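Beneath this line is the structure, given in C-alpha cells, with notes to follow.
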C-alpha cells in the first residue's frame with residue numbers, strides 16, 4: 001500500500017513537470033518580448049571598449065562606424081569622399097586650406113546641434129590622443145571655426161587625406177570635451193545611450209555578451225527598417241556559425257575560410273565574399289648596409305634578379321586555391337584592387353613562368369648546385385621564411401612558396417614562429433639602428449578604406465625604423481609618395497600611384513600573394529533586400545567598419561521574429577525537469593519504504 | 001591537537017598560495033613583452049608604445065614590478081585588462097558566478113550520480129548492469145570533454161533542436177519576471193552542465209565502484225551481514241560511508257581538472273565564465289587577465305584541497321586520533 005502511494009507521488013511530480021513543459025514556453029514567450037524588429041549580428045570577438053581614445057580592435061570600428069560620422073564619409077558606391085558631418089567643402093588654390101561647411105539642421109541623438117566646435121575638438125583631441133587615430137592629422141597646422149557651421153583646416157603642405165582620408169570620428173564635444181584627457185586615454189566609459197550622429201546609437205553594452213544599438217531619433221538619412229541592431233558575442237567562430245545555421249542570429253560578420261563553402265550550401269544562408277584593403281605578402285629584407293649595419297640575412301635576398309625569379313616561380317592562383325581555399329584573390333602588386341579609384345593592374349605582373357625564372361637566374365650567374373640549390377661565389381639561394389603560428393593560411397602559403405620555388409633552385413626553410421617572435425625579428429634594433437634578423441617572411445597589412453597613402457607609406461625610406469619591414473630605400477619612390485599625397489585630383493593621383501606600383505613591382509620589396517577578403521554570411525529568410533556595398537558590386541553586407549548605408553535598405557525577412565531573440569524555453573528543459581522530479585520522487589519513495597523495514601534481530605550499533 | 005593539525009593545513013595552503021603568486025608573476029614575464037603585439041598596429045609609433053608601457057607599469061625594473069604586483073594582488077587589485085582596460089577583478093567577478101553555477105551543478109550531479117552508480121555497480125559486480133555501467137563510464141571518462149560538448153550540441157541543438165546551442169541566456173531579451181529569466185538560464189545550463197557531468201562522472205563512478213568492491217569484501221561487512229541486517233542496510237549504513245573517503249580526495253583533486261574542463265566547455269557553449277574569460281585572454285594575449293584567472297583557479301584548487309582535508313577530519317576518525 002505504502003509503496004504504491006509513494007510511486008503515485010513521484011508519478012504525479014513527473015506529470016506536473018510535463019504540464020509545465022507545455023505551459024512554460026508559451027508563458028516565457030509572453031514574458032520576454034522586446035518588441036520591434038531586431039537585426040541580430042553574431043561574432044566571436046567583441047569590442048573591448050566603446051571609447052575610441054583607447055580602443056585597439058578591428059571590431060571596435062563596427063560599432064563606432066554606426067554610431068558616429070566622419071567629417072567626410074565614404075561613398076557606399078566606391079568609398080570616395082561623400083558628405084558626412086560636412087555637407088560640402090572647398091579647397092584653396094594653394095591646396096593648403098580646406099573649408100568645410102556643416103549642416104545647420106544636423107543634431108546629435110540627444111538633440112544638441114552638431115557644430116564646428118565638435119569637429120575642431122574631435123580632430124584636435126582624438127586626432128592627437130586616440131591610439132588608432134594619430135597619423136591622419138600630421139600635416140594639420142591649425143583648425144579655425146569662424147562660425148558654428150564652418151570649419152577651416154590649414155595644412156603645412158597639400159594633403160589629399162584631409163578629404164577622403166581623415167578617418168577620425170566626430171564626437172559630441174559637449175560630452176567628451178568635459179572629460180579630463182587623462183580619463184579619456186585611461187578608463188573613461190562613456191554614458192549610454194552613446195550620443196552619436198549615425199543611424200543607430202549604443203544603448204546597452206555588456207562586454208563579452210551583447211551590444212544593443214537603437215535608432216537615433218535625430219538621424220539625418222533615410223530611416224532604417226530595423227528598430228534595433230544587436231551584436232551578440234559567442235565563444236568561438238564555430239559557435240557563431242552554428243547560431244546562424246540555427247537562426248539565432250541573422251548575420252555573421254566574419255566567417256572562417258574553412259567553413260565558408262559549407263555554410264554557403266546550407267539552406268537559407270547566403271555567403272558574401274567582399275574585397276578589403278588588406279593583403280598577404282612575401283617580404284624580403286632589403287635593409288641597406290648604412291641604415292642597418294647589424295642586420296642579419298643572406299645577402300642573396302638583396303639581389304633583384306633572385307626576387308624576380310622567385311616572383312615568376314610563385315603561382316599566386318594556386319596559393320589562393322589551396323592555402324586560402326579560394327576565399328582570397330590572387331594579388332597584383334602592393335595596391336589592392338579594393339582601391340577602385342586608384343587601382344590599375346601593373347604591367348609587370350609576374351605570371352607563373354618557371355622557364356623565365358630559370359632563365360633569369362642562369363643569366364645572373366646563379367649555377368644549379370648538386371643538391372638542387374643554386375649558388376654563386378659561395379652564396380647559396382637558401383633563405384629562412386618566417387611565418388606566424390596562428391595563421392594556418394600563412395603557414396600553408398609558406399609551404400607552397402617553398403614547394404614552387406624548389407624547381408628553380410631556390411630553397412626556403414619555413415620557420416613557424418609566434419607573432420611576438422616575428423615582430424622582434426623585424427623591429428629589433430642595435431645601437432638605435434634597425435637590425436632585422438630575417439631573410440623573408442609572410443605576413444599581412446590592412447589599409448584605410450579610401451586613401452591608399454597608408455599602404456604606400458610602408459615602403460618609404462623614412463619608415464625604416466618605423467613601419468617599414470622590408471626596409472626598402474628608394475628616393476625616387478619617396479618623392480612620388482610626397483607628390484601623390486598632395487594631389488587632390490583623382491586621375492592625376494592615380495597616374496602617380498601607378499608609377500609607384502611599377503617601381504615596387506620591379507624592385508619587389510614585397511611579392512604580394514593575395515588580396516584578402518572579408519567573409520560574411522546572412523540568413524535569407526530573416527533579412528531581405530541585402531545589397532552589398534562599399535564598394536558596390538561585390539562589396540559587403542553592411543559596409544562593415546566604414547559606414548552604414550546598407551542598413552537603410554535591409555529589411556526584416558518573412559521569417560524574421562519580433563525580436564524575441566530565440567527566447568522562450570525549448571521543450572528540453574521540461575523534459576529534464578520531468579526526469580529530475582520523477583527520479584527524485586522515485587528515490588524518495590525508495591527511501592521511505594526502506595525506513596519501514598527493520599529486522600527484529602538487528603543488533604544495537 | 002586538532003587545532004594544531006588544522007593550523008598546519010592552513011599554513012601549508014597559504015605557503016602554496018604564496019608560491020603560486022610568485023610563480024604566476026615570473027611565468028607571465030618570461031612570455032615576452034606584451035606591448036610588442038601593438039607594434040604592427042597601423043599608426044602606433046615608438047612613443048605610443050612607450051606610453052603604453054608606462055600605462056601598464058612595464059617600464060619599471062623587474063623587482064619594482066614584483067613588489068607592486070604582490071601588494072596589488074593581496075588587495076585584489078589584479079591590474080587592468082590590456083584589452084578592455086577594465087580592472088581585471090571586475091571581469092573575474094562577473095565571470096565567477098557563471099562558472100560556479102556550471103561547475104557546481106556539474107560536480108554535484110557527477111558526484112551524486114557517479115557514486116550512486118558506483119554503488120549500484122559494485123553491489124552487482126560481474127553482472128550485466130555492472131558491465132554496462134563500467135563500459136559507459138570508461139567511455140565518458142576517456143572521451144575528451146570538447147568532443148562530448150560538440151556531440152551534445154549536434155544531437156540536442158542541431159538535429160533534435162530542444163536545447164539552445166550556446167550562451168547563458170537568450171541574447172537581447174528583456175525579461176519581465178525573474179521566473180522567466182531563471183528558466184531561461186536553466187534552459188541554457190542543461191547542455192553544458194550535462195557535458196561537465198559526463199566529463200566528471202566516469203572518475204567518480206570508477207573510484208566509488210572500486211572502493212565499494214574493496215569494502216564489501218571486508219570482514220566487518222560479513223559480520224554485519226551475519227547479524228541479520230538486511231543487505232541494503234549493510235550497504236547504505238556501513239559500506240558506503242567507509243567507501244566515501246577516496247571520493248572526497250578525488251573530488252578535491254578533480255577541482256583542477258574541473259577548471260581545465262571549464263575552459264573548453266565554457267568556450268564551446270559560449271558560457272561567460274572564467275574558462276571563456278581565460279580562453280579569450282589567451283587569444284588576446286591579455287596577460288593581466290590570464291594572470292588573474294590563473295590565480296583564481298589556483299586559489300580554487302588550494303581551497304578545495306583544504307576543504308577536503310577538513311572533511312577528512314570529520315569523516316575519518318583515524319585523522320582525528322593522530
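Every condition in (1) closer than 22 Å to residue A:326 by Cβ; (2) in contact with a helix residue (DSSP H, G or I) (Cβ under 6 Å, 6 or more places away or on another chain) is met by residue A:538 except one, and the failing one is (2).
Going through the range A:452-495 one residue at a time, which ones are in a loop (DSSP other than H, G, I, E, B), under 21 Å from residue A:278 (Cα atoms) and without any contact (Cβ under 8 Å) to a residue 12 or more places away in the chain? If the condition is that a residue be in a loop (DSSP other than H, G, I, E, B), under 21 Å from residue A:278 (Cα atoms) and without any contact (Cβ under 8 Å) to a residue 12 or more places away in the chain, then A:466, A:467, A:468 are the ones that fit. Pairing residues of the range B:170-193 that are within 26 Å of residue B:147 (Cβ to Cβ) and at the interface with chain A (Cβ under 9 Å from one of its Cβ atoms) with residues that are at pLDDT 90 or above and part of a helix (DSSP H, G or I), at Cβ distances under 6 Å and at least 6 apart in sequence or on separate chains, gives B:191/B:152.
Residues in the range A:384-410 that are over 24 Å from residue A:515 (Cα atoms) and touching a helix residue (DSSP H, G or I) at 6+ places or on another chain (Cβ under 8 Å): A:407, A:408, A:409, A:410. For residue A:592, the conditions (1) at pLDDT below 90; (2) surrounded by 15 or more Cβ atoms within 10 Å (Cβ to Cβ); (3) not in a loop (DSSP other than H, G, I, E, B) are fulfilled apart from (2). Of the residues that make up the range A:382-389, is at least one farther than 23 Å from residue A:468 by Cβ, within 14 Å of chain B (Cβ to nearest Cβ), in contact with a strand residue (DSSP E or B) (Cβ under 8 Å, 6 or more places away or on another chain) and assigned to a loop (DSSP other than H, G, I, E, B)? Yes. Among the residues of the range A:404-431 satisfying the criterion of being within 22 Å of residue A:376 (Cα to Cα) and out of contact with any strand residue (DSSP E or B) (no Cβ under 9 Å at 6 or more places or on another chain), which is farthest from the other protein chains (Cβ to nearest Cβ)? Looking at residues that are within 22 Å of residue A:376 (Cα to Cα) and out of contact with any strand residue (DSSP E or B) (no Cβ under 9 Å at 6 or more places or on another chain), I get A:407. Looking across the range A:69-86 at every residue that is over 18 Å from the mean Cα position of the chain (by Cα) and assigned to a loop (DSSP other than H, G, I, E, B), the one that is nearest to the other protein chains (Cβ to nearest Cβ) is identified as A:71.
When the range B:259-283 is limited to residues that are modelled with pLDDT under 80 and crowded, with 20+ Cβ neighbours inside 10 Å, the one that is farthest from the other protein chains (Cβ to nearest Cβ) turns out to be B:259. Of the numbered criteria (1) assigned to a loop (DSSP other than H, G, I, E, B); (2) within 14 Å of chain B (Cβ to nearest Cβ); (3) within 24 Å of residue A:115 (Cα to Cα), the one residue A:186 fails is (3). Among the residues of the range A:118-164, those identified as surrounded by fewer than 22 Cβ atoms within 10 Å (Cβ to Cβ) and assigned to a loop (DSSP other than H, G, I, E, B) are A:131, A:134, A:135, A:137, A:138, A:139, A:148, A:149, A:156, A:157, A:158, A:163. Output the residue which, of all residues in the range A:504-526 that are assigned to a loop (DSSP other than H, G, I, E, B) and surrounded by fewer than 23 Cβ atoms within 10 Å (Cβ to Cβ), is farthest from the chain's Cα centre (by Cα). Only one residue tops the list, namely A:525.
Taken as a whole, the range A:35-53 holds no residue that is assigned to a helix (DSSP H, G or I) and touching a residue at least 60 places away in the same chain (Cβ under 8 Å).
So, in the range A:131-144, of the ones that are without any contact (Cβ under 8 Å) to a residue 60 or more places away in the chain and under 21 Å from residue A:184 (Cβ atoms), which residue ends up nearest to the other protein chains (Cβ to nearest Cβ)? Filtering the range A:131-144 for residues that are without any contact (Cβ under 8 Å) to a residue 60 or more places away in the chain and under 21 Å from residue A:184 (Cβ atoms), the one nearest to the other protein chains (Cβ to nearest Cβ) comes out as A:134.
Among the residues of the range A:323-361, the ones that are at negative phi and part of a loop (DSSP other than H, G, I, E, B) come to 24 in all.
Report yes if residue B:101 is surrounded by 13 or more Cβ atoms within 10 Å (Cβ to Cβ), away from every other protein chain (no Cβ under 13 Å) and either at pLDDT below 80 or at positive phi (or both), otherwise no. Taking the combined requirement at face value, the residue does not satisfy it.
The values are calculated or read from the model by the stated rules, or taken from the named source; none is laboratory data. Just so it is clear, the structure is predicted and the values come from calculations on it, not from any experiment. FYI the Cβ positions are ideal-geometry reconstructions off the backbone, even for glycines, and counts take in every protein chain you see.
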